[in-house]
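In what follows, a structure is listed as structure tokens, so that the remarks can point back to it.
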Amino acid sequence: MTSWVTEGLNEAQKCAVESIDGPVLVIAGPGSGKTRVITHRIAYLVETVGISPRSILAVTFTNKAAREMRDRLAGLMGHFAQDLTVATFHAFCAMILRREGSHIGLERSFVIYDQDDQLTILKRGMEAAEIDPKRFPPRSILATISRAKSQLIGAEGFGMSVGDYFEEIVHRVYEVYDRLLSQASAVDFDDLLLKTYVLLRDNPDVAERYQGRYVHFMIDEFQDTNVAQY
């Protein structure tokens, strides 16, 4: 199916843009036009194939990359670009949780804590658990909790696989830390992904609704995905 969208693309890029049946993995080095391929593929789906922009989702890792992708799509597609969902992993998950979080007891008005907020509440958790911050640096504990969440391991799951005394300490703090977040109607950045995963896993009707809406799903820099993002 010929299209103005593929004009100016090399043969490899054109092949990736026009391959729309089933999964496609693009492997290419820096500066070789990966973002160009994704944006032109989205434009091709809408302008040539006739896919509704509302059925297309594109996620990337940084706000800068998401802005660049949106700007390029606006240049290619005009007003149709407004109906696309183009966001970072975290922004997309935050959107879902704002809409659907009540299914897992999360208020729509939840607050997203940055690292300074996280450290403050973690230190409160350590104090409540009577953990000496001089023996166990708060940043090390927070980093361990973050790694666990990025692997979809909640406090209960972490406690089931404790392997040494430090991990035992982390588990104690993890439980209090999550409880304090919940009491503040807050989440951290890792929670955005973990809680979205739990929401969709435990509520098949919600998962099916989003699966039905987003027919075409584009992931920028796929090789950088962690367990939760994958």
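Can you give the charge dipole size of segment 10-102 about its Cα centre, rounded to the nearest 20 debye, using +1 on the beta carbon of Lys and Arg and -1 on the beta carbon of Asp and Glu?
Roughly 320 debye for segment 10-102.
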Check: Where is the GNM fluctuation largest for the chain (alpha-carbon springs, 10 angstrom cutoff): Ala129, Ala12, Ala65?
Finding: Ala12
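Under a 1.4 angstrom probe, counting protein chains only, how are Ile96, Ile153 ranked by accessible area, largest first?
Values: Ile96 5, Ile153 50 Å².
Output order, biggest surface exposure first: Ile153, Ile96.
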Notebook entry, point to check: Using unit Cβ charges (K, R positive; D, E negative) and no other charged atoms, how large, in debye to the nearest 20, is the dipole of segment 98-228 about its Cα centre?
Noted result: 200 debye
Check: Quick one: putting +1 on the C-beta of Lys and Arg, -1 on the C-beta of Asp and Glu, what dipole do you get for the chain around its Cα centre, in Debye to the nearest 20?
Finding: 420 debye
Check: Want the number for Tyr197 to Thr120: 0.36 nm per residue separation, take away the alpha-carbon distance, what's left?
Finding: 25.1 nm
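Using only the C-alpha atoms of segment 1-113, find the volume of their convex hull and express it per residue in Å³.
Details: hull volume 15.6 nm³, N = 113.
Cα convex hull per residue, to the nearest whole number: 138 Å³.
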Check: Can you tell which of Pro133, Tyr177, Ala58 lies farthest toward the positive end of the dipole of the chain, using +1 and -1 charges on the Cβ of basic and acidic side chains (Lys, Arg; Asp, Glu)?
Finding: Ala58
Notebook entry, point to check: Which residue, Arg135, Arg213, Arg179, has the most motion in a Gaussian network model of the chain that connects Cα atoms within less than 10 Å?
Noted result: Arg135
Notebook entry, point to check: For the chain, what is the accessible area per residue in Å², given a 1.4 Å probe and the full set of protein chains?
Noted result: 55 Å²
Item checked: Count of Lys pairs (Cα-Cα under 26 Å; at least 8 positions apart or interchain) in the chain -> 10
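At 222 nm, what value in deg cm²/dmol follows for the chain if DSSP H runs of at least 4 each add -39500 (n - 2.57) and the sum is divided by all its residues, to the nearest 500? Mind showing how you got there, number by number?
Values: 10 runs with 121 residues, N = 230.
After summing the helix terms and dividing by the residues of the chain, the value is -16500 deg cm²/dmol.
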Check: Which value, in Å² and to the nearest 10, is the accessible area of Arg172 when all protein chains are kept and the probe is 1.4 Å?
Finding: 90 Å²
Checklist line | Neighbour net charge for Val59 - beta-carbon separation under 11 angstrom, K R +1, D E -1 | finding: -2
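The values are calculated or read from the model by the stated rules, or taken from the named source; none is laboratory data. For clarity, every value in this text was computed on a predicted model and none was experimentally measured. Cβ atoms come from the backbone with ideal geometry, glycine included; neighbour counts cover every protein chain shown. The accessibility values were calculated without ligands, DNA or RNA, using every heavy atom of the protein model including side chains. Shrake-Rupley method; radii C 1.70, N 1.55, O 1.52, S 1.80 Å.
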